[in-house]
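Colleague: There's a structure below that I have some questions on.
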Amino acid sequence: MDRDSLRKDYIELVASVREYMEEQLQFGFIEAASQESAESSPYSDFDLPTLATDAASCTKCPLHETRNSVVFGVGDTSADLMFIGEAPGADEDRQGEPFVGRAGQLLTQIIEAGMKLKRGDVYIANVLKCRPPGNRNPAPDEVETCSPYLVRQIELIQPKVIVALGSFAAQMMLGTKIGITKLRGEFHPCNVAGLRVPSHKQPPVVMPTYHPAYLLRNPGAKREVWEDVKKVLARLSEA
């Protein structure tokens with residue numbers, strides 16, 4: 001075998017190993033060494049009130065120039081169940097509370113009518129704390145800048161189950177680029193970068209499902225979300 005063939009085989013082997021490792025990380029079979037990133041977080045010693053105060057005055061990305069409110073989070077700060085969306089909309093930006101518009105009203109129905117819980121029994125937050133202009137999708141640099149707030153929220157609340165609403169939330173929670181259609185319906189290990197879990201606690205599991213805004217456009221998908229919700233309720237009843 002000549003040198004060119006050996007080099008080609010070597011490159012293909014390295015690529016195969018890299019792809020395998022990425023898949024294992026995505027599905028939580030192995031964990032990346034994240035101690036360095038966790039220790040470098042500026043929020044590692046913040047409690048929730050301090051974190052909320054810091055977020056309220058955040059100017060780390062251009063979204064602060066167009067926001068009316070920082071939408072931090074709401075609900076039971078020791079909840080077993082946490083809902084995470086992608087970003088505030090216009091109603092949320094005006095009121096300073098996540099999921100209060102039409103999509104939020106549908107989420108409340110899911111929680112209260114479907115799950116037989118009170119909205120105040122769960123904790124609700126978004127990946128971004130400020131509204132992207134025109135409700136556009138979050139930009140990668142905005143997610144990178146803002147996500148440490150959410151990571152610290154999860155560390156402090158210590159939910160047992162996270163329902164990731166839509167692709168952006170699911171992809172952040174799982175460290176993947178796979179779309180929501182393929183992810184939903186099954187529990188996945190939480191693989192969010194930099195998340196620290198106490199040694200006596202289990203990391204949360206993540207149930208990706210469709211965002212309520214998607215359900216408003218595609219009512220037929222409500223049945224699939226209901227199946228996801230039933231699995232969440234069953235998981236919580238086991239805990």
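None of the figures in this text is laboratory data; all of them are computed from the coordinates on show. Quantities reported herein were computed from a predicted structural model and do not represent experimental measurements. Glycine also receives a Cβ, built like all others from the backbone with ideal geometry; neighbour counts cover every protein chain displayed.
Colleague: Would you pull out the residues with amide H under 5 Å of Phe83's amide H, same chain only if 5 or more places away, H placed 1.01 Å from N?
Modeller: Residues meeting the criterion, in which the H sits 1.01 Å from N, are Tyr123, Ile124, Ala125, Val163.
Colleague: A further question follows. Rounded to whole Å and ordered largest first, report the semi-axes of the equivalent ellipsoid of region 33-238 derived from its Cα gyration tensor (root of 5λ).
Modeller: 24, 21, 16
Colleague: Let me ask something else about it. Asn135 label point, 7 Å along Cα→Cβ, cut-off 15 Å on backbone N: hits in region 74-94?
Modeller: 86-94
Colleague: Short version: ³J(HN,Hα) in whole Hz for each residue of region 54-69, in order, from phi by Karplus 6.51 cos²θ - 1.76 cosθ + 1.60 (θ = phi - 60°), x for Gly and Pro, what are they?
Modeller: 5, 4, 4, 10, 5, 10, 6, 9, x, 4, 5, 6, 10, 7, 9, 9
Colleague: Okay, moving on. Residues with amide H under 5 Å of Phe99's amide H, sequence separation 5 or more or different chain, H placed in the peptide plane at 1.01 Å from N; which?
Modeller: Long-range HN contacts for Phe99: Gly89.
Colleague: Go through region 183-189 residue by residue and turn each phi into a ³J(HN,Hα) via Karplus (6.51, -1.76, 1.60, θ = phi - 60°); whole Hz please, and just put x for glycine and proline.
Modeller: 8, 5, x, 9, 6, 10, x
Colleague: With each label point set 7 Å from Cα along the Cα-Cβ vector, what nm distance links Asp45 and Gln109?
Modeller: Those two pseudo-labels are separated by 4.7 nm.
Colleague: For Met115, Met173, which order do you get if you count the other beta carbons within 10 Å of each Cβ and list the fewest first?
Modeller: Neighbour counts put them in this order, fewest first: Met115, Met173.
Colleague: Right, another one. Using 25 Å as the Cα-Cα cut-off, could you pick out the over-long pairs in Lys118/Lys177; Lys160/Lys231; Lys182/Lys231; Lys177/Lys231; Lys60/Lys160; Lys60/Lys201?
Modeller: Lys118/Lys177; Lys60/Lys160; Lys60/Lys201
Colleague: Which order do His188, His200, His64, His211 fall in if you start with the one that has the fewest other Cβ atoms within 10 Å?
Modeller: With the sparsest Cβ surroundings first, the list reads His200, His64, His188, His211.
Colleague: Quick one: 3J(HN,Hα) in Hz for region 198-210, Karplus 6.51/-1.76/1.60 with θ = phi - 60°, rounded, Gly and Pro as x.
Modeller: So the Karplus estimates, Gly and Pro as x, are x, 4, 8, 10, 8, x, x, 9, 10, 10, x, 8, 5 Hz.
Colleague: Now, a different point. Starting from the 7 Å offset along Cα-to-Cβ, what nm value, one decimal, do you get for the label separation of Leu233 and Thr66?
Modeller: Modelled inter-label distance: 3.9 nm.
Colleague: With each label point set 7 Å from Cα along the Cα-Cβ vector, what nm distance links Lys118 and His200?
Modeller: 2.8 nm
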